[in-house]
Structures are given as C-alpha cells and as structure tokens.
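The values are calculated or read from the model by the stated rules, or taken from the named source; none is laboratory data. Predicted model, so just to flag it, every value in this text is computed and none were measured. Heads up, the Cβs are rebuilt from the backbone with ideal geometry, glycines too, and the neighbour counts pull from every protein chain shown.
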DNA sequence: TCCGTCATATATAGAGTTGATATATATCGA
DNA sequence: TCGATATATATCAACTCTATATATGACGGA
C-alpha cells in the first residue's frame with residue numbers, strides 16, 4: 001500500500017486537498033492505520049492526475065492561501081475498488097516505547113516511570129480523539145474501524161496500567177552509571 | 001528510530017550478522033515492534049563501523065557462505081544506552097486490513113469473509129510464534145515485551161471473531177458490479 | 001537423478017517515503 | 001508586538017523498502 005492508494009481511498013469519500021489528506025492520515029480518521037507526509041502526498045497527487053485517476057481545480061479563499069481541490073474520476077474509483085481485491089499485505093507496527101522497555105534493566109526507575117506515564121497519557125489523548133471522530137462518522141464500516149482502534153488502544157492502556165509497577169521494579173534503583181558520569 | 005539504532009539494540013545483546021538482524025526484526029523477537037530490510041541493514045552496519053560503534057570479522061563456515069560477524073564497541077554501547085534517554089517517538093501502525101474493512105460496503109461477502117478468516121489465521125500463527133520465542137528468552141524485560149505483544153494480538157483476534165458476522169453483514173450480497181463486469 | 005524450493009549469507013539499484021525546511025497569509029493569546 | 005498556531009503548497013537530502021543478483025548446500029518429490 002503506497003501513498004497513491006491512500007490518496008485514492010480518501011478521495012473516494014469526497015473531494016479534498018493535499019493538506020487535508022495529510023491531516024486525516026496523521027490526526028484524523030485514517031490516523032490509526034495509515035500515514036503519509038507532504039513529501040509523498042503532493043508527488044502522488046500529481047502522478048494520479050497524469051494517470052487520469054484524479055482531476056483538480058484551484059479554489060481561492062479569503063484569509064487563507066488558495067487551495068487545489070482534487071476529485072477522483074470514475075477510472076480512479078474503479079482502479080481503487082479493484083485494488084481492494086488484491087491480497088493484503090501484513091500490518092506494520094513499530095514502537096520505540098517497546099524498544100525502550102526491552103532495556104528497562106539498564107535504565108533508572110524515575111525515567112521508566114516517566115515514560116510509562118507519558119505513554120498512558122498519550123493513549124488517553126488518542127482514545128479521546130477517536131471518540132470525537134466517531135461522532136462525525138455515520139457509515140457503519142467507518143465507525144467499526146474507529147471502534148476497533150479504540151478497543152485495541154484501551155486494551156493496551158489497561159495492560160500497561162496493570163503491569164506498570166512490575167516493569168518499574170525491573171529498572172535500576174540508581175541513576176545509570178554511563179549517564180550519571182556525564 | 002532508524003535502522004542504525006535497531007542494529008545497535010540487537011548488537012547490545014550479543015554479536016551477530018546482518019542476515020540475523022534482518023531475521024530477528026522480521027520473524028524473531030524484535031518483529032513485533034520494529035523491522036528492517038537488507039537494503040537498509042547492510043549500509044547501516046557499514047556506517048556504524050566507520051563511526052567506530054561496531055567492529056566486524058569474517059567467519060568461514062562449512063556448507064554455508066562465510067559470514068561477517070559484527071560486535072558492538074564500548075563507544076557503541078554507550079551511544080545506544082544514552083539514546084534511550086531521548087524523547088520517544090510515537091508508535092507507527094499501518095494496516096491494509098483496516099483500510100480494506102473501511103470499504104466493506106463496496107465488497108462482496110465472500111471476499112470479506114475470506115480476508116477475515118485469513119486474518120484470524122495470521123493472528124494464530126503470530127501467537128504461536130511468540131509462544132515459541134518466549135521459551136528462548138529469560139530476561140524479564142524481553143519476556144515482558146513478548147507477552148505484551150501476545151496480549152494485544154489475542155485481544156485483537158478475539159474482537160475480530162466476535163464482530164466477524166456483523167462486518168460480513170455490511171458487505172454486498174452480490175459480487176460488486178465493477179468487478180463482476182470484468 | 002534432476003529439478004525446484006528453501007535456508008544461509010551479502011550486496012545493490014531503483015523506487016518510494018520521511019523529516020525538515022521554505023514560502024505566504026491570518027488569527028489568537030501573552 | 002511577538003511568538004505560536006493554522007491553513008496551504010512545495011521541494012530536497014537522507015533514509016528505507018522492494019526486488020533482484022550471486023553463491024552454496026540440503027531436502028524432497030517426480
């Protein structure tokens with residue numbers, strides 16, 4: 001799944017801008033399963049236009065820079081829906097937090113506690129964000145995906161809270177020598 | 001977190017090869033929170049050697065190609081442990097499966113059921129794999145991370161099984177016209 | 001026996017992506 | 001007034017992935 005596919009997926013649900021695609025993929029309704037940056041979205045939209053999968057028009061705005069609104073073409077829609085029949089690639093998950101926890105024995109308790117608390121707070125923020133998003137969506141599949149994300153996040157958060165003291169107990173009581181020596 | 005950091009993390013736990021780093025990051029004990037490919041691992045190891053964070057030696061093997069074994073230097077170890085004190089970046093999660101589910105209404109039930117079953121089977125494989133891995137590890141933090149991964153996967157699997165029929169019901173009873181017309 | 005596949009092992013080219021930065025304008029709060 | 005934030009597009013170097021090439025041995029099936 002590349003950025004072109006993400007753009008087509010979002011455009012399938014209505015015309016929009018590159019700026020908005022990025023926002024939805026990093027903070028909005030798509031944020032919990034995909035992401036894309038400006039550096040890949042703008043070139044992707046240009047290519048999609050070349051290929052005839054999208055069209056664009058420039059819209060002037062008061063008090064804001066004028067924007068370029070993209071719409072998907074019938075060909076683009078067909079191409080996207082057909083691509084949903086392809087074999088699915090595996091999920092990708094990366095977590096610096098879990099890498100960090102793998103080395104708790106080498107780190108001071110104060111730092112470990114701080115990072116775990118930060119993590120729990122981030123989960124809370126994310127759950128709040130999903131709750132807000134759910135109100136904006138009525139299509140059952142859209143709500144289902146958001147619910148699934150929320151369910152997984154709540155579960156991870158709960159497990160972390162339950163295990164918190166056990167993990168902190170694994171950390172060093174004193175500041176790590178390598179760091180303390182600085 | 002870049003590939004250089006992943007290499008250092010794995011090398012912190014013992015000398016190894018580029019091939020093994022890739023294997024552990026895609027199928028082994030690191031697979032549930034990071035990943036790296038050959039195209040990034042080999043250049044990363046070369047750079048780390050240039051920078052003095054690792055050293056290497058070539059080891060001839062019978063019946064197998066000779067391999068290049070990397071070891072972390074004291075400087076490399078210090079650099080890695082210090083980097084664990086940095087602010088943590090957010091987790092990254094991407095799922096073609098969830099993108100697929102977001103468009104169930106446009107897809108035939110047979111396909112949706114097939115993909116959900118494939119997904120559940122993959123969860124089962126992954127859970128089995130983590131169980132095997134857990135036996136190989138004794139360090140509490142390593143086991144904790146594997147357990148956390150297993151817990152999250154079991155939860156997602158269970159939720160999917162519970163919701164399966166509800167999702168399938170959202171899909172189209174007939175083959176999608178756009179596809180059927182091909 | 002021969003052939004394909006799989007596992008070990010390193011390496012690279014080309015395509016794709018990220019992260020940082022530049023540009024421009026307007027609003028909001030300190 | 002100053003900095004931060006939001007809207008909006010765009011680009012570039014650095015990084016990463018996917019696919020492929022190379023080489024060898026083992027294993028199983030036709």
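Residues that are touching a helix residue (DSSP H, G or I) at 6+ places or on another chain (Cβ under 7 Å) and over 25 Å from residue B:91 (Cα atoms) within the stretch B:33-47 comprise just one, B:47. Could you look through the stretch A:17-31, keep only residues that are under 16 Å from residue A:139 (Cβ atoms) and in contact (Cβ under 8 Å) with a residue 24 or more places away in the chain, and pick out the one that is nearest to the chain's Cα centre (by Cα)? Result: A:30. In this structure, does residue B:113 turn out to be away from DNA strand C (no atom under 11 Å from the Cβ) and either within 14 Å of chain A (Cβ to nearest Cβ) or in contact with a helix residue (DSSP H, G or I) (Cβ under 9 Å, 6 or more places away or on another chain) (or both)? Spelling it out, residue B:113 is indeed away from DNA strand C (no atom under 11 Å from the Cβ) and either within 14 Å of chain A (Cβ to nearest Cβ) or in contact with a helix residue (DSSP H, G or I) (Cβ under 9 Å, 6 or more places away or on another chain) (or both).
When restricted to residues that are over 12 Å from residue B:70 (Cα atoms) and at pLDDT 95 or above, the stretch B:1-22 contains 6. Looking at A:47, A:122, A:64, A:132, just one residue is part of a helix (DSSP H, G or I) and either at pLDDT 95 or above or assigned by TED's automatic domain parsing to the domain that holds residue A:28 (or both), and that residue is A:47.
How about the stretch B:23-39: which of its residues are near DNA strand C (Cβ under 8 Å from one of its atoms) and surrounded by 14 or more Cβ atoms within 10 Å (Cβ to Cβ)? The answer is B:23, and nothing else. Looking only at the stretch B:58-83, which residues are more than 13 Å from DNA strand C (Cβ to nearest atom) and either touching a helix residue (DSSP H, G or I) at 6+ places or on another chain (Cβ under 8 Å) or in contact (Cβ under 8 Å) with a residue 12 or more places away in the chain (or both)? Residues satisfying the conditions are B:72, B:73, B:75, B:76, B:77, B:78, B:79, B:80, B:81, B:82, B:83. When the criteria are applied in full, residue B:112 fails the requirement of being away from DNA strand D (no atom under 11 Å from the Cβ), within 26 Å of the chain's Cα centre (by Cα) and either assigned to a loop (DSSP other than H, G, I, E, B) or surrounded by fewer than 17 Cβ atoms within 10 Å (Cβ to Cβ) (or both).
Only one entry in A:55, A:17 is over 23 Å from residue B:93 (Cα atoms), within 16 Å of DNA strand C (Cβ to nearest atom) and not assigned by TED's automatic domain parsing to the domain that holds residue A:161, namely A:17.
Can residue A:47 be described as within 23 Å of the chain's Cα centre (by Cα) and more than 13 Å from chain B (Cβ to nearest Cβ)? Answer is no for this residue.
Among the residues of the stretch B:151-173, are any outside any helix (DSSP H, G or I), more than 9 Å from chain A (Cβ to nearest Cβ) and without any contact (Cβ under 8 Å) to a residue 12 or more places away in the chain? Checking the stretch B:151-173: not a single residue is outside any helix (DSSP H, G or I), more than 9 Å from chain A (Cβ to nearest Cβ) and without any contact (Cβ under 8 Å) to a residue 12 or more places away in the chain. Among all positions in the stretch B:90-109, there is no residue which is more than 14 Å from DNA strand D (Cβ to nearest atom), touching a residue at least 24 places away in the same chain (Cβ under 8 Å) and in the same structural domain as residue B:12 (by TED's automatic domain parsing).
All of (1) crowded, with 19+ Cβ neighbours inside 10 Å; (2) out of contact with any strand residue (DSSP E or B) (no Cβ under 6 Å at 6 or more places or on another chain) hold for residue B:20 with one exception: (1).
Restrict the check to the stretch B:119-129 and report whether at least one residue is touching a helix residue (DSSP H, G or I) at 6+ places or on another chain (Cβ under 7 Å), under 25 Å from residue B:9 (Cα atoms) and in contact (Cβ under 8 Å) with a residue 12 or more places away in the chain.
Yes - at least one qualifying residue is present in the stretch B:119-129.
Among the residues making up the stretch B:116-131, those that are facing chain A (nearest Cβ under 9 Å) and buried (at least 16 other Cβ atoms within 10 Å of the Cβ) are B:119, B:122.
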